[in-house]
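Worksheet for the structure shown next.
The values are calculated or read from the model by the stated rules, or taken from the named source; none is laboratory data. Remember, predicted model here, so these are calculated numbers, not experimental data. In this analysis, Cβ positions are derived from the backbone assuming ideal geometry, glycine residues included, and neighbour counts consider all displayed protein chains. Accessible surface is based on the protein model in full, side chains and every heavy atom, while ligands, DNA and RNA are left aside. Shrake-Rupley method; radii C 1.70, N 1.55, O 1.52, S 1.80 Å.
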Amino acid sequence: MNLEWEQNWLELFNGELEVLMGNYTDVFEYEDMNLGVRIVNDKPKLTQLFKTFENRDPDASLHYFSATRYHGDERGGALEWDWEIQHKTDFLGLPAAGKVTRVQGITIHQFREGKIILERSLWDTASLLQQLGMPAPAKLNFQ
C-alpha cells in the first residue's frame, strides 16, 4: 500500500462505510489503544464503531482525517495522520461542544491480498486534552 491508498481509505469514513468495510478480511484484529477498543473478526461491531466518524448526522461532531506519511509496503506499514474534530457535543465525556481540535495519530496496518487483517491506532491524547482546556502533561521544552 502507499500514502494514496491510505488517504482513500480515510476518506471512506466520510459516509462510505460499506465500501470501507470491503477493505477488511473476515478474519481481522482492530484496536484503538486510546479508546480501549479491541474488535476481532466482528465486522458489524467494527461498522458500528466507525459510524462515530462518518459525518452523516447533522447534529453530531464532524471528523476529518488526512494521511500525512506512510512507511511500508503492500504487506503493511505505519500511517501517520491528522484528525480534525469540529465538536458539536462533548467528546468522551469531556466538555468539547463548540470547539475544534486537531490531533495527530498513527495507525499500523497489516495487509493480506490487499485487505486489512490488522489495524492498531494510537493518537495524541495529551494534545486533545490541552486543546479542550483540561489538565494534561506539560509540553517539554528542549531549547
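If you check L10 against the conditions, is it without any contact (Cβ under 8 Å) to a residue 40 or more places away in the chain, crowded, with 16+ Cβ neighbours inside 10 Å and assigned to a helix (DSSP H, G or I)?
no
Do you know which residues across segment 92-115 are open to solvent by 60 Å² or more (accessible area, probe 1.4 Å) and either among the charged types (D, E, K, R) or under 14 Å from the mean Cα position of the chain (by Cα) (or both)?
Passing the criteria: K99, R102, Q104, I106, I108, R112, E113, K115.
Among (1) more than 12 Å from the chain's Cα centre (by Cα); (2) buried (at least 17 other Cβ atoms within 10 Å of the Cβ); (3) more than 18 Å from L17 (Cα to Cα), which single condition is S61 missing?
In the conditions (1) more than 12 Å from the chain's Cα centre (by Cα); (2) buried (at least 17 other Cβ atoms within 10 Å of the Cβ); (3) more than 18 Å from L17 (Cα to Cα), S61 misses (3) alone.
Take segment 19-62 and flag every residue that is assigned to a helix (DSSP H, G or I) and either within 24 Å of T89 (Cα to Cα) or at pLDDT below 95 (or both).
Passing the criteria: K45, L46, T47, Q48, L49, F50, K51, T52, F53.
In the set V19, V27, which member is among the β-branched types (V, I, T), open to solvent by 70 Å² or more (accessible area, probe 1.4 Å) and without any contact (Cβ under 8 Å) to a residue 60 or more places away in the chain?
Checking each option against the conditions leaves just V19.
Considering only residues that are small (G, A, S), outside any strand (DSSP E or B) and either more than 21 Å from N14 (Cα to Cα) or touching a residue at least 24 places away in the same chain (Cβ under 8 Å) (or both), which ones fall in segment 89-112?
G93, A96
Here is a list of conditions, (1) surrounded by fewer than 16 Cβ atoms within 10 Å (Cβ to Cβ); (2) at pLDDT 95 or above, and A67 meets all of them except one; can you say which number that is?
Of the numbered conditions (1) surrounded by fewer than 16 Cβ atoms within 10 Å (Cβ to Cβ); (2) at pLDDT 95 or above, the odd one out for A67 is (1).
Taking segment 116-143, which residues are more than 14 Å from the chain's Cα centre (by Cα) and open to solvent by 80 Å² or more (accessible area, probe 1.4 Å)?
P135, P137, A138, K139, L140, N141, F142, Q143
Just need a number here: residues in segment 70-88 that are open to solvent by less than 40 Å² (accessible area, probe 1.4 Å), assigned to a strand (DSSP E or B) and not small (G, A, S).
Going through segment 70-88 one residue at a time, the tally reaches 5.
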